[in-house]
Every structure is written in structure tokens, then in C-alpha cells.
Amino acid sequence: MLTGALLTGIGGATALVLIILLALGLPSLQSSVTLPMAGLLDVIKLAFAAIAGIGGTIALVVAYRRQRVAEASSRLEHAKEERDRIRILNERFGAAASQIGSDQPTVRLAGVYAMAALADDWPEQRQTCVNVLCGYLRMPYEPDPGAEAPGSERVAFARDREVRHAVIQVIRDHLNPQVAPIPWHDCKFDFRGAVFDGGNFSYIEVPDGCTLNFLDASFVGGVTEFQGSKFAGGVANFWRVQFVGGEVHFYGAKFAGDHVGFGESTFSGGRVDFRSIGTSEGPVSSSFSAHVTFSRCQFTGAEVLFSRAEFTAGVVDFDEAEFSGGKVDFADAQLTGGKLDFSRVAAWAVPPLNLPASASGLKMPHLPG
């Protein structure tokens, strides 16, 4: 390209000089005629001007060429840096995944934190990292073997539970905007079929674009905290959950999204707590301002508490639910704008205790007699 531009410039200069000579009438000169000095100087000036123009053109071409080369080099360097970045991130992913799959609980614990750090650093693959963490919780898990189990078995169980609770804590911290510098609110958390014997999900937020899927999960023991959580806009799926032991605390939770459901769940043991309670820092209010369904749930042996909860908008329905045992307590619940609908209950062998005194917003079933 540079050689072609140079030849073109020289040819253009030569043509320019010839044109100037023709303009001065030189074709009619005889070999014996001498060109006046002034005319010769003018021709020389014009020639130098043409040559200067050619030089400027060449300089521009050279500068352009250098710019193109520099840009190409920059792109190549950027591409190399990006390849190196992806390579390092992939190596970190492989190392963290290998640690999580280790037989040693301490190595698995290190892998959990390494995978969480990678999710912070790699937004393009954050969901993949989250999938690995959730996948660990979905792995087969045997709950507490009991006090009579051999010591080695109990130690192994305790260490495994520590790793599982660390996974829950890492997820909780990244869904709590007051804790995590890098939130994971753009992710989907798949806990389908997972077994929980405690864990801390307190003060998480589930906004638009976020999903918590507990479909077919089981709460079998310990204390699992959802205290102060906000389900606002995202999806919280508690369908077909088995509440069979331990305690699950939802007190102070805010149900304001359009996609919150406990349908077809079984409350057969332990305590599930939706209350508004008082703490040292003042009252903690649980409120329902969305359509939250408990349709086709079975209340057979658990203690399910809605005491002093506030139903401010929307409907909490118990369509086709079965109340055949246990305790469901709505003592002092406030119906200030929402509706509590029992009108289509399937079985009412043992009705809920302490229903709200106010008839406003309360729909009861048509009981025989």
C-alpha cells in the first residue's frame, strides 16, 4: 500500500511539472532558446511545492498505516488477554468443582467458598457456578443418625452438614443486599428435592428475575430461617414441600410477589412459623399483600402459626386443603385489606384454632349442620 502511494505521488508530481511547463509555453521553445531566470525559479518553486505535497501525502499514509497496525495489535492483545482471562476462570472453575467433589469435608468447604468467589468474578457464568452450589444441596443426604450412632458416623454427619449449611449461608449472603457487595439477584436457585435440616436464609430478597425453587424439598429437622425475607416480584416455589420436622421460621417475612405458593405441601411435623413477633429491636411484622396459595395442602400434625400476621392485600387461599390434625393458629391476625379464604376447604375434621375475630376478609367453609 505504501509503495503504491509513493509511486502515485511521484507520477502526480511529474505530471504537475509537465503541466506547468506547458502552461509557460515551453513546447514552442527551440533548443537554442534560454528559459528566463524568473520563469525557471517559478518552475523550481512549483516543483518543490509539489514534492512537499507528495511528502505530506506519504506522511499521512505512513501515519494511517501505523494507526492501523497499532489498532490491529491492540485488538490482538485484547483478544489474548480475554483468552487468558477465560482460561484462568475455567481453571478456577475446574479446581473449585474438584474440591466440592472431594471426599474430605474441609476440602469441600474450601471448594464452596472458591466457587462463590468465582461467581462474583465471572458474571457471564455466574448461573453455572450457582448451579453447582445448588446441585450439592440436591445430592442424597441422610439426616441426623441419632445419638446412638457410632461416634465416627456422627462426626462424618456433622462435617457434611457444616458444608451444606455453608452453601446455604453463601447463597443467603448474596441474596441479602445489606451483606453482599455483589448480589446474585439475577440467578435462579434450584433446590428441588433437597433435604434441609437447618440453614439460614434470613433477610434475603427475591426480586424480579430471581427464582427460589423448593419444589419437593423436605424440611426434616434443625432450624431453617427465612426471617425478614422479602418475596417481592420474583418466584418462590414451595409446592409439594414436606414439613416433617424441625422448625421453619418465616416470621417477619414479606409476601408481596405474584408467584409465591405452598400448594400441595404437607405439614405433618415440626413447626412452621409465619407469625409477627416482638424482638429486642421492636415488633417484626409478617405481611401478606400478594396471592399466596396453600391449595391442596395437608395439615395433619404440624404447628403452623400465623399469629398477629398482617393480611393487607391480595388473597391467601386454602382451596381444597385438608385440616385433619395439628394446630393452625391465626390468633390476633390482622385483615386490613387482604382476604383469608377457607371457603373451598376439602376437609375440616380439626379446624384451625384461634381464627381472626373479624369477619371482614374472612371466608369460611360451609360446614354441615
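No value in this document is a laboratory result; all are computed from the given coordinates. Everything numeric here is computed off the predicted structure, so don't read it as measured data. Note: ideal-geometry Cβ built from the backbone for every residue, glycine included; neighbour counts use all protein chains shown.
Taking a ≥ b ≥ c as the square roots of the Cα gyration tensor eigenvalues, with a/c under 1.5 meaning rounded and otherwise prolate when a/b beats b/c, else oblate, which class fits region 176-329? Here region 176-329 falls in the rounded category. Modelled this way, with points 7 Å down the Cα-to-C-beta line, the labels at Trp348 and Glu91 are 6.9 nm from one another. Counting only lysines at least 8 places from Lys363 when in the same chain, those with an alpha carbon closer than 30 Å to its own are Lys230, Lys254, Lys327, Lys339.
Scoring 78-84, 343-349 by mean Cβ neighbours within 10 Å over their residues and listing the highest first yields 343-349, 78-84. Peptide packing: for 131-143, 199-211, the average count of neighbouring Cβ atoms within 10 Å per residue gives the ranking 199-211, 131-143, highest mean first.
Estimated from the Cβ-Cβ distance and a Förster radius of 45 angstrom, the FRET efficiency linking Asp208 and Leu60 is about 0.25. With the simple model of a label 7 Å out from the Cα in the direction of the Cβ, Arg83 to Ala158 spans 5.1 nm. Which FRET efficiency, nearest 0.05, do Gln104 and Thr128 yield, Cβ-Cβ r, R0 25 Å? Taking R0 as 25 Å, the efficiency between Gln104 and Thr128 is 0.55.
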